[in-house]
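Single-structure report; data block below.
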Amino acid sequence: MLYSTILQRDETGFNQIYSAARQFEEENVMEGILTCRFNEKKIMQTLNIVRKYQCELNLQSADLVEFSENFIEQYATDHNECFRITEKLIRRIGTTITGSMKMFRKFCPVVRRKFNEEGRVVPVLDYSRLTFRKYQGLFFGAEAYKENVKTLIHEIASFFYHLMTTLMVCKDMIRKEEEVFGDFERLKQIFEKSCDEVLHSLNTVLDSFGHVKLVSDEELAERRKNARPMREWLSSEYHAHNLEWMRREAYFYRLASGKQYGLDEVASVLWADNPEWGQQVCSFIPQMDKMNIPFKNSKKAKEQGKKGTYDAREMAYMLKWSGVSTMSADGKTVIGEEKERKFYFYVQENYEGDYLFPTWQVVCRERRFLYERNVTMEDMANNFAKYPNSLSSMV
């Protein structure tokens with residue numbers, strides 16, 4: 001008769017090993033030592049195996065806790081994306097599970113195979129003395145045994161305690177993922193948040209590609225044509241892909257949202273969170289000359305036949321009014337200054353008026369000057385808002 005240490009790679013496997021670990025009692029070890037006829041050497045070998053896998057368990061459980069804190073809130077991850085969550089978790093604690101099964105195997109009675117039983121394989125969890133409750137009535141506690149036996153009992157007890165704790169984290173993650181699958185609003189919130197996170201990396205991509213379109217109109221039209229209902233799509237793709245897939249899908253999603261408001265590819269990314277406001281900002285760009293924004297006479301403007309150069313401070317105000325950047329919760333750090341630079345050049349590329357723009361370096365210097373004097377983002381935005389507001393009142 002052969003003992004099988006193979007465990008199903010699904011929640012059934014988790015439950016089987018968790019149930020076996022819960023049955024542990026000191027008497028299990030002592031009966032196993034007697035039944036399996038452990039000598040001094042085998043006790044020490046088993047003790048070394050237990051300690052080895054205890055170290056593995058400590059490392060893997062710490063990694064698992066860190067993994068569990070973020071996994072549910074990520075729509076896509078780079079953690080074995082081709083497997084469902086139970087398989088992912090089993091792979092993450094694979095060494096621990098292997099060690100557990102070896103421990104159970106150590107406490108299985110030796111059965112000589114008969115010819116008519118050759119090839120018969122039975123589950124190790126069904127025959128290990130660590131899962132039995134059939135004591136011989138000869139046990140009076142571990143105190144009566146040698147020190148190495150007491151040490152072995154203590155080490156195995158510690159291992160199974162930590163194993164159950166780790167498996168509970170796994171089971172809790174499985175339950176939380178199931179809850180997300182059934183909650184469309186939360187699923188959408190997780191997707192939106194993941195879109196925001198991965199799209200930050202596209203800032204450098206857009207710089208690298210310049211004016212090259214990352215997505216063709218034909219490709220976007222094809223995606224729209226074959227689009228599935230949002231609820232169905234979000235549920236089917238959750239935790240099924242890697243971050244590279246997420247970056248592309250987030251870009252499609254934001255681009256499609258921007259198209260609804262007449263935004264081009266760059267503007268769709270700049271105002272990914274608020275395409276409606278992006279539409280209003282973009283509508284003012286062609287009309288900047290009508291807004292009476294202060295300007296300065298400059299030799300360069302005169303040489304190019306322009307009326308003048310827009311005031312750098314007003315341009316710094318415009319960056320904040322555009323809404324492409326935000327302030328951190330503590331009010332000390334500006335989030336999105338790189339997007340401000342993109343927005344500034346985007347304005348120049350789409351402007352066709354009679355004034356020049358100050359260089360980006362000059363605007364940055366003016367912006368830094370305002371920061372040093374504790375001028376808030378809100379004040380800067382309001383200082384510029386009067387120009388488009390005055391234009392609106394004239395319409």
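Bear in mind these aren't lab numbers, they're just calculated from the coordinates by the rules spelled out. Source: prediction; values computed, not measured. A quick note on method: Cβ atoms are made from the backbone with ideal geometry, for glycine too, and the neighbour counts reach across all protein chains shown.
Any chance you could run the full-extension gain for Asp183 through Lys386? It's 0.36 nm times the residue separation minus the Cα-Cα distance, nm to one decimal.
Numbers: separation 203, 0.36 × 203 = 73.08 nm, distance 4.31 nm.
Taking Asp183 through Lys386 to full extension adds about 68.8 nm, to one decimal.
FRET efficiency for the pair Asn148 and Ala240, taken as 1/(1 + (r/R0)^6) with r the Cβ-Cβ distance and R0 = 45 Å, rounds to 0.35.
Using +1 on the beta carbon of Lys and Arg, -1 on that of Asp and Glu, and nothing else charged, what's the dipole of region 245-395 about the Cα centre, debye to 20? Can you show the working numbers first?
On the way: 22 positive and 20 negative charges, 90 e Å.
So the magnitude is around 440 debye.
Report relative contact order for region 258-395 in percent, whole number only (criteria: Cα-Cα under 8 Å, sequence separation at least 6).
Working: 148 pairs, mean separation 38.1, N = 138.
This gives 28 percent for region 258-395.
Taking amide H as placed 1.01 Å from N in the peptide plane, Phe295 has its amide H under 5 Å from the amide H of Asp311, each at least 5 places away in sequence or on another chain. Its Kirkwood hydrodynamic radius, worked out from the mean inverse distance over all distinct Cα pairs, puts region 224-382 at 17.8 Å.
For region 1-59, the convex hull drawn through the C-alpha positions has a volume of 128 cubic angstrom per residue.
Give, to the nearest whole percent, the P(r) tail of region 249-330 beyond 20 angstrom, counting all Cα pairs. Cα-Cα pairs in region 249-330 separated by more than 20 Å: 49 percent. Shown here for region 17-68: trypsin sites (Lys or Arg not before Pro) in loop regions (DSSP other than H, G, I, E, B) with at most 15 other Cβ atoms within 10 Å, namely Arg37. Annotation: amide H-H contacts under 5 Å for Ser4 (H modelled 1.01 Å from N, sequence separation of 5 or more, or interchain): Val122, Val124.
Amide H contacts under 5 Å for Met327: Ile335, restricted to partners 5 or more places along the chain or on a different chain, H placed in the peptide plane at 1.01 Å from N. FRET efficiency for the pair Thr165 and Arg91, taken as 1/(1 + (r/R0)^6) with r the Cβ-Cβ distance and R0 = 25 Å, rounds to 0.85. Taking 7 Å steps out from each Cα toward its Cβ at Leu34 and Gln279 produces label points 8.2 nm apart.
Return the loop-located GluC sites (Glu not before Pro) in region 296-395 (DSSP other than H, G, I, E, B) with at most 14 other Cβ atoms within 10 Å of their own Cβ; answer none if there are none. Walk me through the intermediate numbers first.
Working: sites: Glu303, Glu314, Glu337, Glu338, Glu340, Glu349, Glu352, Glu366, Glu372, Glu378; in loops: Glu352.
Passing both the DSSP loop test and the Cβ count: Glu352.
Net length available on complete extension from Arg51 to Asp172 is 40.9 nm, with 0.36 nm assigned per residue and the Cα-Cα distance removed. Solvent-free Debye calculation, one equal scatterer per alpha-carbon of region 292-366: log10 I(q)/I(0) at 0.11, 0.28 Å⁻¹ equals -0.31, -1.40.
In nm, what is the difference between 0.36 nm times the number of residues separating Thr376 and Ala256 and their Cα-Cα distance?
On the way: separation 120, 0.36 × 120 = 43.20 nm, distance 3.32 nm.
Gain on extension, Thr376 to Ala256, equals 39.9 nm.
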